[in-house]
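Encoded as structure tokens, the structure appears first; notes follow it.
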Amino acid sequence: MAAKAVLISNSVQEMALNGEEPPVKYFCKGNDVGVLDASVPLIDIPVVDLGLLTSPSTSAQELEKFHLAASSWGCFQVVNHGMTSSFLDKIRDVSKRFFALSMEDKQKYSREADSIEGYGNDMILSDHQTIDWSDRLYLTISPEDQRKIKFWPENPKDFRETLNEYTMKLQEINEILLRAMAMSLNLEESSFLDQYGERPLVAARFNFYPPCPRPDRILGVKPHADASAITFLLQDKEVEGLQFLKDNQWFRVPIIPHALLINVGDQVEIMSNGIFKSPVHRVVTNTEKERNTLAVFCIPDSDKEIKPADGLISETRPSLYKKVKDYVSIYFQYYQQGKRPIEAVKI
């Protein structure tokens with residue numbers, strides 16, 4: 001039987017403001033915890049220039065760099081993406097202003113107990129679950145007929161318009177990247193896009209991580225990989241926190257203020273038959289500074305069957321994954337149990 005989801009009464013922001021000792025349900029079990037210190041090495045993260053990737057004279061070289069990034073780390077930073085620094089700062093600003101509203105104002109957008117849409121924090125699915133030290137605002141962007149406008153803040157005044165403009169641009173970049181991924185694997189240019197479908201789910205998650213009194217025991221986000229095809233992250237300009245796992249070691253992600261951080265999601269790992277890696281990542285906390293980020297998840301149409309592309313299957317490299325539809329529906333159950341959902345679809 002599915003567990004009944006419940007809401008957490010307190011926001012993490014309130015707990016931090018009131019100087020409350022975090023309840024034990026926030027404390028990580030075992031070796032999950034991480035710290036933001038110099039002992040965790042920085043990733044020498046690949047930087048992909050979107051202008052070079054889309055220009056005929058330079059695309060081959062940039063495509064090679066892109067392929068290497070997606071197959072080794074599963075993440076890269078994108079520059080020359082067509083959005084100005086001031087526009088990205090505007091997005092960061094509307095996010096900060098939303099979380100700075102009074103609790104009463106934010107609670108107008110509170111999510112319902114059995115849904116992730118809206119303002120709140122972790123959905124509680126079991127008594128043994130570890131809760132993330134973050135508050136968030138989760139909004140469906142597309143298909144547009146699936147938007148729940150009652151959760152889209154009216155304050156700040158320019159919130160809706162700014163988010164709409166930003167996510168339209170990301171959807172254009174997402175298409176470029178899905179085409180580039182297929183081309184870098186010598187597939188038909190549209191082979192990943194065809195699986196992505198006509199009615200993909202695009203969702204935005206604004207994340208607020210307040211200072212945490214116990215960064216040695218509490219994470220902003222538990223280790224996980226994403227259910228998406230591609231995830232876009234607009235990082236905080238000043239405060240680090242994101243870490244990726246590679247070869248059983250954690251690495252810090254450097255901040256490039258006006259780059260977009262992109263990571264491969266589970267569904268592209270499946271489409272690429274495991275050539276592109278959906279990396280496990282986490283967010284660590286710190287005692288002094290709040291951190292704001294915005295993640296946008298581009299998720300294939302739930303009616304489309306996702307499977308390894310035919311051109312990537314051979315006698316020497318058989319299909320590593322089963323066909324799957326509506327991958328997201330299995331994702332959250334596994335995630336809250338601390339398991340990797342992609343394991344369920346491996347052959």
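Below is a table of values for the structure above.
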{"item": "So residue 122, is it open to solvent by less than 40 Å² (accessible area, probe 1.4 Å), over 20 Å from residue 234 (Cβ atoms) and of a type in the set (Asp, Glu)", "result": "yes"}
{"item": "Close pairs (7 angstrom Cβ cut-off, 6 or more residues apart or separate chains): of a type in the set (A, V, I, L, M) in the range 127-140, open to solvent by 20 Å² or more (accessible area, probe 1.4 Å) and part of a loop (DSSP other than H, G, I, E, B) anywhere", "result": "131/8"}
{"item": "Residues satisfying the stated conditions in the range 149-173, i.e. closer than 21 Å to residue 110 by Cβ and in contact (Cβ under 8 Å) with a residue 60 or more places away in the chain", "result": "156, 159, 163"}
{"item": "Hits in the range 20-30 - residues which are in contact (Cβ under 8 Å) with a residue 24 or more places away in the chain and either part of a helix (DSSP H, G or I) or small (Gly, Ala, Ser) (or both)", "result": "25, 26"}
{"item": "Extreme residue, nearest to residue 194 (Cα to Cα), among residues of the range 307-325 that are open to solvent by 50 Å² or more (accessible area, probe 1.4 Å) and in contact with a strand residue (DSSP E or B) (Cβ under 9 Å, 6 or more places away or on another chain)", "result": "307"}
{"item": "Enumeration of residues in the range 201-224 that are buried (at least 24 other Cβ atoms within 10 Å of the Cβ) and assigned to a loop (DSSP other than H, G, I, E, B)", "result": "212"}
{"item": "Number of the condition not met by residue 239 [criteria: (1) modelled with pLDDT under 95; (2) touching a strand residue (DSSP E or B) at 6+ places or on another chain (Cβ under 8 Å)]", "result": "(1)"}
{"item": "Number of the condition not met by residue 194 [criteria: (1) in a helix (DSSP H, G or I); (2) over 20 Å from the mean Cα position of the chain (by Cα); (3) touching a residue at least 40 places away in the same chain (Cβ under 8 Å)]", "result": "(3)"}
{"item": "Number of the condition not met by residue 275 [criteria: (1) assigned to a loop (DSSP other than H, G, I, E, B); (2) under 16 Å from residue 69 (Cβ atoms); (3) under 19 Å from the mean Cα position of the chain (by Cα)]", "result": "(3)"}
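Each row is one residue, and each column tells you yes or no for (1) at pLDDT below 95; (2) outside any loop (DSSP other than H, G, I, E, B).
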{"site": "286", "(1), (2)": "yes, no"}
{"site": "298", "(1), (2)": "no, yes"}
{"site": "316", "(1), (2)": "yes, no"}
{"site": "319", "(1), (2)": "no, no"}
{"site": "332", "(1), (2)": "yes, yes"}
{"site": "339", "(1), (2)": "yes, no"}
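The values are calculated or read from the model by the stated rules, or taken from the named source; none is laboratory data. None of these values were measured; they are calculated from a predicted model. Here the Cβ is made from the backbone with ideal geometry for all residues, glycine too, and neighbour counts use every protein chain on show. These accessible areas exclude ligands, DNA and RNA; they are computed on the full protein's heavy atoms, side chains included. Shrake-Rupley method; radii C 1.70, N 1.55, O 1.52, S 1.80 Å.
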